[in-house]
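Structure, as structure tokens:
The values are calculated or read from the model by the stated rules, or taken from the named source; none is laboratory data. Everything quoted here is computed from the prediction, not taken from an experiment. Here the Cβ positions follow ideal geometry from the backbone for every residue, glycine too, while neighbour counts run over all protein chains shown.
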Amino acid sequence: MKNTRKRSIIVLLLTLSFLCGLGFYSYKLTINAKNWAFKPINAHLSMHGLTEASKILDRNDVVLAQSIGGQRIYHEDEYIRRAMLHSVGDEKGYISTAIQNLFKPELFGYNFITGINLPTFLKNKQDIKLNLDSNLCKLALQKFGDKKGAASIYNYKTGEIICMLSTPTYDINHPPDIKNEKTENYEGVYLNKVLSGCLTPGSIFKIITAISAIDNLPNWDSKTFECHSKEIIESEKITCMASHGKVNLKDAMKESCNIFFGNLAIELGAEKMQKTANSVGFNKPVEVDGIKTNPSLYDLSNASKASIGWSGIGQHKNLLNPAHTLTILGAIANEGTAIMPKIVKHDAPTQSKTYISCETANKIKEIMRYNVKNKYGDSLFPGLEVCAKTGTAEIGEGKEPHAWMVGFSSTEEDPFAFVVVVENAGLGRKIAAPIASALMNAAAKCS
Ligand SMILES: [Zn+2]
């Protein structure tokens, strides 16, 4: 009797766990089926279908990729093909964040019940329209030449990414034999650096240090530090480009004074600096059409006083992701609210996050506007009332620094934020600023 009861309980438990497992699997199947179907392991689905896939178009209905007579045809202009490679995608799925990889179910007309085994006329294939302007992406590539890096512009009111470039790139009609060519020419070629790149920010990070000061120090606008072009902190030397003398935050930002911002970060301390960085989205990914970006890094755990100083001027272990940078700029332009970026045109509601208060946003905006008016010059961005900051990020190993420029137009008609980073290229103001200028002026003409 005892044995029978024991067996019944075991059978009952087994049945229950079987039903739970079945339920769990069915749930996962419903949610993930279309993604599972197009995993590279299902080569017959993931590879063959491009020759039957639907079109990919830019925001002006320029056809970037289409299938005609069993062939996948890309845009006729080589510059556009190369500039759009990381957005449209390669044919083998190496660029994992590209449309031809992520939107296969829509491009092939996948159906949950029948898979892709429906007659062509019954398939629900969808053309994918992007927010990107392919001519603007082409201009970015022309300005980059053979330099490596990333550039992007987004509308901070709608989230639409209108320009996105990652280099190095190649022509999809003539894919290089990467294994046998000079590897350094194609290092990182399958990575869309706007979404998946993370680079040392250098002085761009002074924007975050300034936000932390505005939020935490009541006397932030009258506070001064003395710059004599170098300072020893805990036996480590922090150097500046010049001897700026006694400077306040506004002028220290204009002159990009390392001594001021290094000392400011030390005075704020690790806890407050970390809290500000986390609140503006560091250490977690930003979602762009469901793609999780490589998170920007700011980590002061166990940092020495000198390391906190270095972190305040964008060195230490700091890393910045370009798509995340757009959201920080968007938040400053947008009274504290960051609109999440979108590559694909769709009707889903726009996602947003509050990074900083409206008051703080307006103060940092004013400081960044002062930079352009009094340092870089409004002639770089005629009529756009741009707020910006350049950066020259030291990366050591005897390599040239990364050149950055980030900012946004503050006019109602052109609500665009931009990020330009050119790797191992030199001074931000000399290398990145002319590219940012060309792209923003072209974006304003297109809008
Ligand atoms: Zn200085």
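Can you tell me which residue among Ile328, Ile313 is aliphatic (A, V, I, L, M), at pLDDT 95 or above and within 17 Å of Lys250 (Cα to Cα)? Break it down stepwise before answering.
Values: Ile328 fails: within 17 Å of Lys250 (Cα to Cα).
On inspection, the qualifying residue turns out to be Ile313.
With Lys237, Lys250, Lys254 as the choices, which residue is within 16 Å of the ligand (Cβ to nearest atom) and part of a strand (DSSP E or B)? Step through it out loud before you land on a result.
On the way: Lys250 fails: part of a strand (DSSP E or B); Lys254 fails: part of a strand (DSSP E or B).
Just one listed residue meets the conditions, Lys237.
With the requirement that a residue be aliphatic (A, V, I, L, M) and within 13 Å of the chain's Cα centre (by Cα), what does the range 298-337 give you?
At the first step, the residues of the range 298-337 found to be aliphatic (A, V, I, L, M) are 300, 303, 306, 308, 313, 319-320, 323, 326, 328-329, 331-333.
Selection gives Leu319, Leu320, Ala323, Leu326, Ile328, Leu329.
Regarding Glu400, is this residue surrounded by fewer than 16 Cβ atoms within 10 Å (Cβ to Cβ), in the same structural domain as Val194 (by TED's automatic domain parsing), under 24 Å from Asn192 (Cα atoms) and acidic (Asp, Glu)?
Working: surrounded by fewer than 16 Cβ atoms within 10 Å (Cβ to Cβ): yes; in the same structural domain as Val194 (by TED's automatic domain parsing): yes; under 24 Å from Asn192 (Cα atoms): yes; acidic (Asp, Glu): yes.
Criteria met by Glu400.
For the condition within 16 Å of the ligand (Cβ to nearest atom) and surrounded by 24 or more Cβ atoms within 10 Å (Cβ to Cβ), what is the one hit in Ile313, Ile328, Ile343? Walk me through it before giving the result.
Working: Ile328 fails: within 16 Å of the ligand (Cβ to nearest atom); Ile343 fails: within 16 Å of the ligand (Cβ to nearest atom).
Testing whether each residue is within 16 Å of the ligand (Cβ to nearest atom) and surrounded by 24 or more Cβ atoms within 10 Å (Cβ to Cβ) leaves just Ile313.
Taking Asn216 as the residue in question, decide whether it is closer than 29 Å to Ala331 by Cα and of a type in the set (S, T, N, Q). Spell out how you get there, then give the answer.
Numbers: closer than 29 Å to Ala331 by Cα: yes; of a type in the set (S, T, N, Q): yes.
So Asn216 fits the description; yes.
So which of Ala53, Ala65 ends up being at pLDDT 90 or above, of a type in the set (Gly, Ala, Ser) and closer than 27 Å to Ile161 by Cα? Steps first, answer last, please.
Working: Ala53 fails: at pLDDT 90 or above.
Answer to the check: Ala65.
Regarding Ser301, is this residue within 16 Å of the ligand (Cβ to nearest atom), on the phi < 0 side of the Ramachandran plot and part of a loop (DSSP other than H, G, I, E, B)?
Values: within 16 Å of the ligand (Cβ to nearest atom): no; on the phi < 0 side of the Ramachandran plot: yes; part of a loop (DSSP other than H, G, I, E, B): yes.
No, not satisfied.
Could you tell me whether any residue of the range 209-216 is assigned to a loop (DSSP other than H, G, I, E, B), more than 16 Å from the ligand (Cβ to nearest atom) and over 17 Å from Ala393 (Cβ atoms)? Reasoning before the result, please.
Of the residues in the range 209-216, the ones assigned to a loop (DSSP other than H, G, I, E, B) are none.
No, that holds for no residue.
In the range 268-295, which residue that is closer than 20 Å to Thr360 by Cβ and either within 16 Å of the ligand (Cβ to nearest atom) or hydroxyl-bearing (Ser, Thr, Tyr) (or both) is surrounded by the most Cβ atoms within 10 Å (Cβ to Cβ)?
Thr276
Okay, residues lined up against (1) hydrophobic (A, V, I, L, M, F, W, C); (2) surrounded by 14 or more Cβ atoms within 10 Å (Cβ to Cβ); (3) more than 13 Å from Asn135 (Cβ to Cβ):
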| residue | (1), (2), (3) |
| --- | --- |
| Leu50 | yes, yes, yes |
| Asp58 | no, yes, no |
| Val62 | yes, yes, no |
| Ala65 | yes, yes, yes |
| Gln71 | no, no, yes |
| Tyr74 | no, yes, yes |
| Asp77 | no, yes, no |
| Ile80 | yes, yes, no |
| Asp90 | no, yes, yes |
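Would you say Ser229 is more than 30 Å from Lys373 (Cβ to Cβ), outside the structural domain of Ala98 (by TED's automatic domain parsing) and without any contact (Cβ under 8 Å) to a residue 40 or more places away in the chain? Quick ask: steps written out before the conclusion?
Numbers: more than 30 Å from Lys373 (Cβ to Cβ): no; outside the structural domain of Ala98 (by TED's automatic domain parsing): yes; without any contact (Cβ under 8 Å) to a residue 40 or more places away in the chain: yes.
The answer is no for Ser229.
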